[in-house]
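Shown next, in structure tokens, is the structure this report addresses.
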Amino acid sequence: MPTLRIAIVGAGPAGIYAADILLREAHGHDVSIDLFEQLPAPYGLVRYGVAPDHPRIKGIVNALRDVLDRGVVRLFGNVRFGEDITLDDLKKHYNAVVFSTGAIKDADLDVPGVDLEGSYGAAEFVSWFDGHPDVPRTWPLTAESVAVIGVGNVALDVSRILAKHADDLLPTEIPANVYEGLKASPVTDVHVFGRRGPAQVKFTPLELRELGEVRDVDMIVYDEDFDHDEASKTAIATNKQVMVINRVLEQWRTRETGQASRRLHLHFYAKPTEFVGDEHGNLTAIRYERTRPNGEGGVEGTGEIREIPVQAAYRAVGYFGSPLPGLPFDERHGVIPNHEGQVLDDDNQQIPGVYATGWIKRGPVGLIGHTKSDAMETVQHIVNDQASWWTPEDPSEGAIPALLRERGVQYTDLDGWHNLDTHELALGAAEGRERIKVVPRDEMIDVSLGRVDAPTN
């Protein structure tokens, strides 16, 4: 039986799902898969892009773990594509490569003043509170009044983490430095801005319900935002998700407020027009224009300008992919150009042996579970493209570890991840918690490679 050697760059859900599907779908081949991950730990977005108080969503890790723990797929962590290993290297050792590197940067927001001190990208903040090793250990949480721009799930995650009392996050895997930062935060008000109406929001009912369950935080909605036009009424009547969201918001309209120490305000029909700053370049307010339905499913400006004082703002208007060395890149959409996962060159021709899946393939839309069907599409093309697979010079499984050792790369493997996983669980158990993440990259590597003694209770 011929061997099919596949490299997958990116060990988040998209990459692991692709590996799982390849093992099941590549009939007639002995499939050998290596996962390359720039971080010392796998699971990507699940570990570093989902708020720590979302244990139900993080349950998806169990399915991902099952794929890795079969022992069929090899993991090479702490390996940077383009630095530690290149596309030319992969061509020498594999039949094809799948890129599943996701989208981790913030999309741009074209609003005057967006670069003022106190204006932050939501993606970077999420990386901080999730303990990503490549962001600073501290975060400037000094604002009493904060703005969040956007009405998607990331905006709600950011808003909830900002408004929630730090002690209520202790049962989660929140890193110690994040807890200390949030504990010292003086925040009293979080203002969420969306340019369209409550029937056009992008977040899910689950996220919204969880927001309303946060202790000692009043949910503030404004009656002027609920004069629904016909399009909104139709959406509420015909779309179950919109119907549930509307029901939750309507319940909040009747809630008694004024007793909580913190408030979370939802401003609909509010299009930010300027981040206002002082003479020192510090953010002092968000200026926005009231909008209204335009009768065609969108909104139009009313000309009415309002302003709310804030000292910090988080832009949660979407993620954006990053280019990879040696690969084409669509600067407009933030993806690798492709046809159903087959990577295309500048002339729109398929590049043999090169594929993409996940957000770097289709853009940052959809939930984590959507990457399964996405990976299936890509895998089908890999299987059908046998005539254009690479012919590797050295497909032996020992070639990659030898290459990385020769280059002095301190890579981590699946056993190393098990070491880190066990270590973090032990750190949590010592404090009566499920897990405490190790944050510094060098410490993650040391634990993975067995250089650190396990913690004791």
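The values are calculated or read from the model by the stated rules, or taken from the named source; none is laboratory data. None of these values were measured; they are calculated from a predicted model. Quick reminder, even Gly has a Cβ in these numbers, built from the backbone with ideal geometry, and neighbours come from all protein chains shown. For accessibility, only protein heavy atoms count, side chains too; no ligands or nucleic acids. Shrake-Rupley method; radii C 1.70, N 1.55, O 1.52, S 1.80 Å.
Brief remarks follow.
- Solvent-free Debye scattering, log10 I(q)/I(0), computed from the Cα coordinates of region 140-193 at q = 0.15 Å⁻¹: -0.41
- Straightening the chain between LYS372 and HIS280 buys 28.3 nm, computed as 0.36 nm per residue apart minus the Cα-Cα spacing.
- At R0 = 25 Å, FRET efficiency that the Cβ-Cβ distance of GLU406 and ARG451 yields, to 0.05: 0.75
- Accessible-area ranking of LYS202, LYS233, largest first, probe 1.4 Å: LYS202, LYS233
- The aspartates and glutamates within cross-link reach of LYS233, meaning a Cα-to-Cα straight distance under 20 Å and a gap of 8 or more places when in the same chain, are ASP223, GLU224, ASP225, GLU250, GLU296, GLU300.
- Listed residues SER261, SER119 arranged by accessible area, highest first, probe 1.4 Å: SER261, SER119
- The convex hull built on the alpha-carbon positions of region 48-122 has an orientation-averaged projected area of 8.7 nm².
- Shown for region 239-324 is the translational diffusion coefficient from the Stokes-Einstein equation, using the Kirkwood radius over Cα pairs, a temperature of 4 °C and a viscosity of 1.567 mPa s: 79 µm²/s.
- 5 angstrom amide H check on ASP218, placed H, neighbours 5+ away: ALA260, ARG262, ARG263, LEU264
- Surface composition of region 119-244: carbon plus sulfur atoms contribute 52% of the solvent-accessible area (1.4 Å probe, protein chains only, all chains present).
- Per residue Cα convex hull volume in Å³ - calculated over region 309-457: 213 Å³
- Helix-derived mean residue ellipticity, 222 nm - over the chain, DSSP H n ≥ 4, -39500 (n - 2.57), to 500: -9500 deg cm²/dmol
- Once all protein chains are placed together, THR86 keeps about 50 Å² accessible to a 1.4 angstrom probe.
- Ranked by the mean number of other Cβ atoms within 10 Å of their residues, highest first, the peptides 324-331, 444-451 fall in the order 444-451, 324-331.
- Measure of compaction for region 169-233 (Cα Rg per 2.2 N^0.38 Å): 1.48
- Solvent exposure of the chain as accessible area per residue, Å², 1.4 Å probe: 44 Å²
- Under Stokes-Einstein, with the Kirkwood radius over Cα pairs as Rh, the value for region 74-116 at 10 °C and 1.306 mPa s is 115 µm²/s.
- Once all protein chains are placed together, LYS92 keeps about 90 Å² accessible to a 1.4 angstrom probe.
- Once the C-beta distance of ALA430 and GLU397 is scaled by a Förster radius of 35 Å, the resulting FRET efficiency is 0.35 to the nearest 0.05.
- Entries in LYS164/LYS361; LYS202/LYS271; LYS183/LYS271; LYS271/LYS372 that, when Cα-Cα distance is taken, lie over 25 Å: LYS164/LYS361; LYS183/LYS271; LYS271/LYS372
- Rounded accessible area of ILE368 (nearest 10 Å², 1.4 Å probe): 30 Å²
- Measuring max minus min along each principal axis, the C-alpha atoms of region 381-457 give extents of 56, 31, 18 Å (largest first).
- Cα gyration tensor category, rounded, prolate or oblate, for region 283-332 with a/c compared to 1.5: oblate
- Using the average count of surrounding beta-carbon atoms within 10 Å as a protection proxy, the listed peptides 128-135, 223-230 rank, highest first, as 128-135, 223-230.
- Across all directions, the average projected area of the convex hull around the alpha carbons of region 163-281 is 9.8 nm².
- Start at zero, step by 5 Å, and the Cα-Cα distances of region 304-350 spread as 5, 16, 19, 16, 8, 7, 8, 6, 7, 7, 1 percent across the bins.
- In order along region 93-104, phi translates into HN-Hα couplings of 10, 9, 7, 6, 10, 10, 9, 9, 8, x, 9, 10 Hz, rounded to whole numbers, per the Karplus curve 6.51 cos²θ - 1.76 cosθ + 1.60 with θ = phi - 60° and x for Gly and Pro.
- Loop GluC sites (Glu not before Pro), region 257-323 (other Cβ atoms within 10 Å of the site Cβ: 13 or fewer; DSSP): GLU279, GLU296
- With semi-axes defined as the square roots of five times the eigenvalues of the C-alpha gyration tensor, the equivalent ellipsoid of region 130-222 measures 23, 14, 14 Å, largest first.
- Förster radius 51 Å - calculated FRET efficiency between ASP227 and ASP30 (Cβ-Cβ, nearest 0.05): 0.20
- For GLY301, the shell of other residues with beta-carbons less than 11 Å away shows a net charge of +1, using +1 for Lys and Arg and -1 for Asp and Glu.
- Start at zero, step by 10 Å, and the Cα-Cα distances of the chain spread as 4, 19, 27, 24, 17, 8, 1, 0 percent across the bins.
- Under conditions of 25 °C and 0.890 mPa s, region 39-178 yields 139 µm² s⁻¹ as its translational diffusion coefficient, taking Rh as the Kirkwood radius over Cα pairs in the Stokes-Einstein equation.
- Across TRP417, TRP359, the residue with the most accessible area heads the list, and the full order at a 1.4 Å probe is TRP359, TRP417.
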